[in-house]
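*Asks:* Mind looking over this structure? Questions follow.
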Amino acid sequence: MNPRKTFRSLLQKGTYVVAPGAYDPLSARLVRLAGFDAVYLTGGGFSRANGFPDFGVLSLTEVVQFIGRTVEAVDIPVIADADTGYGNAINVVRTVREFEKTGVTGFHLEDQVSPKKCGHYEGKLIVPKAEMIGKIKAAVDTRRDPDMVIIARSDSRAVEGLDAAIDRVNAYVEAGADLGFVEAPQSVDELRRVAAEVRAPAVANIFEGGKTPTVPAEELQEMGFRLGIYPSQTHRAAIFAMKEVLAVLKSDGDTARIEHRLASFHDREEAVGTARWYEMEKKYLQLDA
């Protein structure tokens, strides 16, 4: 079963799929090695990994390259971030074509004005509902594989309120989106409303420091959410760990004091499947001949 069909099957089972965030192919492989059923390619994480804030400044070409390399690196469903579709509905057509060619399992498309901001930043602007409906219709009509998942996201909670955000997402679902995503609910009660009132499998975006409270996966499943993306936990862990080891190297001149907390040489190579590449080298280069 290919990853798109696998993900559709997970949704049909009615379970809550936990998709940790990845910001490069290596972090996606670590998600896979940890045993998760799906991985979320965070646009904000990829932007920060390139030295930019989550302000929508990376191009479609850059993001598609990132997605393609990550899809190639893992065999589990990959959910990507298409931001605003990189323009209007006509641009969305091109975006969907390019995303689909990568093999990505699905993506979310949002109703912010382009260039967008992180959904938990202040000062967001949103497009008219009718314009976003056109984008969703363009995405649905463009995809060739009906198993590729289109997630409709609304950032209007911060601008128009929760009622309007739920209404928008339901309009996007009616236009053909497979899942509904209200970004940045601000309380547990708001999360419950989203799960109950969105007329499609609902998505939760959970991370510490944002506007949405961190709720355990079991509770989110009971509310009715079917996909949880955890975009920044791995990235924040990496930032913390790198700052820590760099501080030791700076003060001590070596990392002996912290080596027991670092990945071993074996762990590093296992993360990228080095042994498999040795096997291919032996098989195809006929090193035993």
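*Asks:* Please work out if residue 259 is assigned to a helix (DSSP H, G or I), closer than 26 Å to residue 11 by Cα and more than 21 Å from the chain's Cα centre (by Cα).
*Replies:* Numbers: assigned to a helix (DSSP H, G or I): yes; closer than 26 Å to residue 11 by Cα: no; more than 21 Å from the chain's Cα centre (by Cα): yes.
So residue 259 fails the test.
*Asks:* Residues in the range 46-56: is at least one hydroxyl-bearing (Ser, Thr, Tyr), assigned to a helix (DSSP H, G or I), under 15 Å from the mean Cα position of the chain (by Cα) and at pLDDT below 95? Explain how you work it out, then say what you get.
*Replies:* Just the residues of the range 46-56 that are hydroxyl-bearing (Ser, Thr, Tyr), to begin with: 47.
Filter once more, keeping what is assigned to a helix (DSSP H, G or I): 47.
If we keep only those that are under 15 Å from the mean Cα position of the chain (by Cα) as well, we get 47.
Cutting the leftovers down to at pLDDT below 95 gives us 47.
The answer is yes, given that some residue of the range 46-56 is hydroxyl-bearing (Ser, Thr, Tyr), assigned to a helix (DSSP H, G or I), under 15 Å from the mean Cα position of the chain (by Cα) and at pLDDT below 95.
*Asks:* When the residues of the range 52-80 are narrowed to those that are touching a Ser or Thr at 6+ places or on another chain (Cβ under 8 Å) and exposed (fewer than 13 other Cβ atoms within 10 Å of the Cβ), which ends up farthest from residue 152 (Cα to Cα)?
*Replies:* Out of the qualifying residues, it is 53.
*Asks:* Could you please let me know if residue 83 is of a type in the set (Asp, Glu), open to solvent by less than 70 Å² (accessible area, probe 1.4 Å), at positive phi and in contact (Cβ under 8 Å) with a residue 40 or more places away in the chain? Spell out the reasoning first.
*Replies:* Working: of a type in the set (Asp, Glu): yes; open to solvent by less than 70 Å² (accessible area, probe 1.4 Å): yes; at positive phi: yes; in contact (Cβ under 8 Å) with a residue 40 or more places away in the chain: yes.
Yes; evaluated as a whole, the condition is true for this residue.
*Asks:* Mind listing whichever residues of the range 35-51 are within 18 Å of residue 241 (Cα to Cα), of a type in the set (Gly, Ala, Ser) and surrounded by fewer than 19 Cβ atoms within 10 Å (Cβ to Cβ)?
*Replies:* 49, 51
*Asks:* Considering the range 12-26 alone, what residues qualify as being touching a His at 6+ places or on another chain (Cβ under 7 Å) and small (Gly, Ala, Ser)? Before the answer, list the steps.
*Replies:* Narrowing the range 12-26 to residues touching a His at 6+ places or on another chain (Cβ under 7 Å): 21, 23.
21, the sole residue that qualifies.
*Asks:* Can you name every residue in the range 154-176 that is open to solvent by 10 Å² or more (accessible area, probe 1.4 Å) and either within 15 Å of residue 16 (Cβ to Cβ) or outside any helix (DSSP H, G or I) (or both)?
*Replies:* Those that are open to solvent by 10 Å² or more (accessible area, probe 1.4 Å) and either within 15 Å of residue 16 (Cβ to Cβ) or outside any helix (DSSP H, G or I) (or both): 161, 175, 176.
*Asks:* Out of 226, 236, I need the residue that is surrounded by 11 or more Cβ atoms within 10 Å (Cβ to Cβ), charged (D, E, K, R) and not in a helix (DSSP H, G or I). Which one? Break it down into steps so the answer makes sense when it comes.
*Replies:* Working: 236 fails: not in a helix (DSSP H, G or I).
Only one candidate passes the filter, namely 226.
*Asks:* Residues in the range 104-115: is at least one part of a strand (DSSP E or B), farther than 24 Å from residue 69 by Cα and modelled with pLDDT under 95?
*Replies:* From the range 104-115, those part of a strand (DSSP E or B) are 106-110, 112; that's our starting set.
Those left that are additionally farther than 24 Å from residue 69 by Cα: 112.
Pick out the ones that are also modelled with pLDDT under 95 and you get 112.
Yes, that holds for at least one residue.
*Asks:* Let me confirm something: among 196, 184, 139, which residue is assigned to a helix (DSSP H, G or I), open to solvent by less than 40 Å² (accessible area, probe 1.4 Å) and either among the aliphatic types (A, V, I, L, M) or under 26 Å from residue 105 (Cα atoms) (or both)?
*Replies:* Numbers: 196 fails: open to solvent by less than 40 Å² (accessible area, probe 1.4 Å); 184 fails: assigned to a helix (DSSP H, G or I).
Only one candidate passes the filter, namely 139.
*Asks:* Looking at 283, 250, which one is free of Cβ contacts under 8 Å to residues at least 12 places away in the same chain and surrounded by fewer than 10 Cβ atoms within 10 Å (Cβ to Cβ)? Show your work before the answer.
*Replies:* Values: 283 fails: surrounded by fewer than 10 Cβ atoms within 10 Å (Cβ to Cβ).
It is 250.
Results for (1) polar (S, T, N, Q); (2) within 22 Å of residue 268 (Cβ to Cβ), shown as yes or no for each residue.
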{"residue": "34", "(1), (2)": "no, yes"}
{"residue": "38", "(1), (2)": "no, no"}
{"residue": "54", "(1), (2)": "no, no"}
{"residue": "58", "(1), (2)": "no, no"}
{"residue": "84", "(1), (2)": "yes, no"}
{"residue": "89", "(1), (2)": "no, no"}
{"residue": "94", "(1), (2)": "no, no"}
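*Asks:* Let me ask you something else. Residue 245 - would you say it is within 23 Å of residue 49 (Cα to Cα), within 28 Å of the chain's Cα centre (by Cα) and open to solvent by 50 Å² or more (accessible area, probe 1.4 Å)? First the steps, then the outcome.
*Replies:* Working: within 23 Å of residue 49 (Cα to Cα): yes; within 28 Å of the chain's Cα centre (by Cα): yes; open to solvent by 50 Å² or more (accessible area, probe 1.4 Å): no.
The answer is no for residue 245.
*Asks:* Please find, among 165, 171, the residue that is of a type in the set (A, V, I, L, M) and under 22 Å from the mean Cα position of the chain (by Cα). Walk me through how you get there before you give the answer.
*Replies:* Values: 171 fails: under 22 Å from the mean Cα position of the chain (by Cα).
165 is the lone residue from the list that is of a type in the set (A, V, I, L, M) and under 22 Å from the mean Cα position of the chain (by Cα).
*Asks:* Could you tell me whether the range 100-118 includes any residue that is closer than 18 Å to residue 235 by Cα, surrounded by fewer than 24 Cβ atoms within 10 Å (Cβ to Cβ) and not basic (Lys, Arg)?
*Replies:* yes
*Asks:* Between residues in the range 210-223 that are outside any helix (DSSP H, G or I) and residues that are of a type outside the set (A, V, I, L, M) and open to solvent by less than 70 Å² (accessible area, probe 1.4 Å), which pairs lie under 6 Å by C-beta distance while being six or more apart or on different chains?
*Replies:* Listed by first residue and then by second, the contacts come to 210/120; 211/120; 212/185.
*Asks:* Shifting gears a bit: Would you mind stating whether residue 238 is farther than 30 Å from residue 140 by Cα, aliphatic (A, V, I, L, M) and touching a residue at least 60 places away in the same chain (Cβ under 8 Å)?
*Replies:* Numbers: farther than 30 Å from residue 140 by Cα: yes; aliphatic (A, V, I, L, M): yes; touching a residue at least 60 places away in the same chain (Cβ under 8 Å): yes.
So residue 238 fits the description; yes.
The values are calculated or read from the model by the stated rules, or taken from the named source; none is laboratory data. Not measured: the values here are computed from a predicted model. Don't worry about glycine lacking a Cβ; one is built from the backbone with ideal geometry, like all the others, and counts go over all protein chains shown. Accessible surface areas use protein heavy atoms only, side chains included; no ligands, DNA or RNA. Shrake-Rupley method; radii C 1.70, N 1.55, O 1.52, S 1.80 Å.
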